[in-house]
Each structure stands twice: as structure tokens, then as C-alpha cells.
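A short worksheet on the structure shown next.
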Amino acid sequence: MISAMAESHPAEMSRADRLASTRSMMSMSSISSDIMATMTTANCEMAVLPLRLLLDLQPNYLNLESGVFTSHNERGGFNVFSDGSAIIDGQQCRVINYIHRKVTLKSHIDYKDYREAILAKPMLFLTNVQKASSDSVKTFAFIVNTRHPQMKACIEGGMNNAISSVMGENYFLQFNLNKSLKDYLGRQNFQLTEDNLNFSFTFKLDVFIDVFFLLGRSKKSCDVTGRILSLYCTNNEKKERVKAFLSKMTCPLIKLGNSFDHDRRPSLYSLDVIVEDPFSPEEVAVKDTEPVLPLSSTM
């Protein structure tokens, strides 16, 4: 059906056909129109938008000034995963307040605190994207919504599976998040120019020589995949709705657990209630056929 529509002349296509086309199905509103999975979390597993747009929409949590990208997340906000620097729209920038993409945990308390930390806020990765047949590169923000039950379960499941499958006490676990975004961008003629959508930890007690760890038998990986929601928008009305949507996603969680529990069970949180998508079903059906990402040669 899609191939048949592609062969038709655009002028001969009905509005229904245009709305059913691949281009329309990849509009940000159509992707964000899924029925809410639950009433206690946003219907958003992963999201992507230009970093400059995110900076405009979330100035209380993120800012970029004089080559320094700073995350303010004492009361809500994002967990920025980084190595301490990033190339933002072609400029080398320093990153302030981030979770290092590669860490070493030396106790069960470290492990529990780390798991609580990475699940407490949406994950934010900065990555560069290039349009095919163009030299233009633009920095995008990639968000993993850890309040979505599927994303939370995937990360917790990966950690639990690593614990149960290693033969020794020490092990290495890497989370890979690039597959969904790479596939999503590829369908729109874009490609990632960096391999930085991953993070890992090494759990190393150093209480004895772990032969399995030394031989690389305790190296594990977990692919985190999900549906991508594009939050790219240009008009002020939609920007306000996306801003409100992000604000609810990044509001502080109230911790109910005890951080001094020495087991590996996650603490409990009271999830913020988000009962709407940033775009209404009516808009999805008849109004929005804009591409999810800027498609001009200048991006």
C-alpha cells in the first residue's frame, strides 16, 4: 500500500492517503497519539528533539553558555549521561553535573544508590545527527523516560539478569540505547555521527581474584529499545504544550524507600500523574502532517 502511494502523483493523492503515508505517519503528532499505557506515567518511552529547542523549553533545568552545558537537577530535571564534554552544534563544550557513562561500583550500597540515581530522572543524552547527502551536523537531545514502566522494567531487568547470570562476584554491564534512535532516524534519511548512546558500570568487589571476570566471561550487555516520540515543533502553541509535557516528566519524585537498605531491591517512588499527550487526537487525525525533524539542507 505504501509503495503504491509512493508512485502516485502528490496532487492526485487524497488527504486521507497523505495522512496515511510514511511521511505523515512519522509526524510528531501521529507518533505521540498512542493510547495512554497507564494513568500514572506519560505515554512516552523515548523522545528526540533538537538540543537548542530543549534548552528553550527547559531553561530551569538546562542551559548552555560560553561553551559550558550545565544540568540543574537538584529538584527534578534530567540525568545527563556524558564523559564530561560534548560537541554541540560544532563547538566543543564542557558538561557540568552529569552521570559518567562508565562507572565502577565497589559495594552493594554503591550498586543500589546507582540504580536509584539512574531511575530517578529521565535520562538525557547529547548526540549529533547528520542528514544524508549533507555536511550539516546538528546536536539532538535523546531522552529515555525512566518513569515509563517499560523503560524502567528494561533497565531493572538488565541489572537483575546480569546479577543472576554471572559466575563470579565481579561483572561488567553495558546498556545500549542507539538501536531505536538509529532506526528511527534512518527512516527519515538521517544518521548518527557519534557512538555515545550507551552507559555501563563495573561491579568489582576486589575481595578475591575472579577468574571469570578476568577472562571476560562476566561481561554483559542490555539493549534498551522503545518507541520514539518526536517533540520537534515550531509554532508557539505546540511549544507550550511540549514544554508542559516535559515539565511533568521532569518534576521531582518523592522517594518513599530507605536509601540505607543494603539489599539490591529498588526503592519505591510516587510517580507523577500525567494524563495527556502533548498533542490531542483531533490534531493527529486532521491537522499535523509536518515532518518530525527539519529536513532543509541546513537542518
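A few comments on the model shown:
- For segment 93-107, a tally of residues being assigned to a loop (DSSP other than H, G, I, E, B) and over 21 Å from Thr193 (Cα atoms) returns 4.
- The set of residues from segment 37-92 being modelled with pLDDT of 95 or more, assigned to a loop (DSSP other than H, G, I, E, B), open to solvent by less than 10 Å² (accessible area, probe 1.4 Å) and of a type in the set (Ser, Thr, Tyr) is empty.
- Residue within segment 19-26 that is in a loop (DSSP other than H, G, I, E, B), at pLDDT below 50, closer than 21 Å to Lys182 by Cβ and out of contact with any helix residue (DSSP H, G or I) (no Cβ under 8 Å at 6 or more places or on another chain) present: yes
- The condition (being under 26 Å from Leu64 (Cα atoms) and among the acidic types (Asp, Glu)) is satisfied by just one residue among Asp135, Asp210, Asp110, Asp183: Asp135.
- Close pairs (6 angstrom Cβ cut-off, 6 or more residues apart or separate chains): under 17 Å from Ala86 (Cβ atoms) in segment 57-72, open to solvent by 20 Å² or more (accessible area, probe 1.4 Å) and basic (Lys, Arg) anywhere: Val68/Arg94
- Out of Lys106, Lys131, Lys121, sole residue that is farther than 17 Å from Val224 by Cβ and surrounded by 19 or more Cβ atoms within 10 Å (Cβ to Cβ): Lys131
- Strands (runs of 3 or more DSSP E) wholly inside segment 135-249 that include at least 1 residues being in contact (Cβ under 8 Å) with a residue 60 or more places away in the chain and of a type in the set (Gly, Ala, Ser): 137-144, 198-203, 228-230
- Being touching a strand residue (DSSP E or B) at 6+ places or on another chain (Cβ under 8 Å) and surrounded by fewer than 17 Cβ atoms within 10 Å (Cβ to Cβ) holds for only one residue in Asn189, Asn196, and it is Asn189.
- Across segment 139-173, the number of residues qualifying as open to solvent by 50 Å² or more (accessible area, probe 1.4 Å) and of a type outside the set (A, V, I, L, M, F, W, C) comes to 8.
- Residue in segment 44-72 that is farthest from Tyr98 (Cα to Cα), counting only those that are under 16 Å from the mean Cα position of the chain (by Cα) and of a type in the set (S, T, N, Q): Gln58
- The single condition among (1) more than 26 Å from Asn63 (Cα to Cα); (2) part of a helix (DSSP H, G or I) that Leu119 does not satisfy is (1).
The values are calculated or read from the model by the stated rules, or taken from the named source; none is laboratory data. Predicted model only: the values in this text are computed from it and were never measured. Note that each Cβ is placed from the backbone with ideal geometry, even for glycine, and that neighbours are counted across all protein chains shown. Protein only, heavy atoms only, side chains kept; ligands, DNA and RNA dropped before computing areas. Shrake-Rupley method; radii C 1.70, N 1.55, O 1.52, S 1.80 Å.
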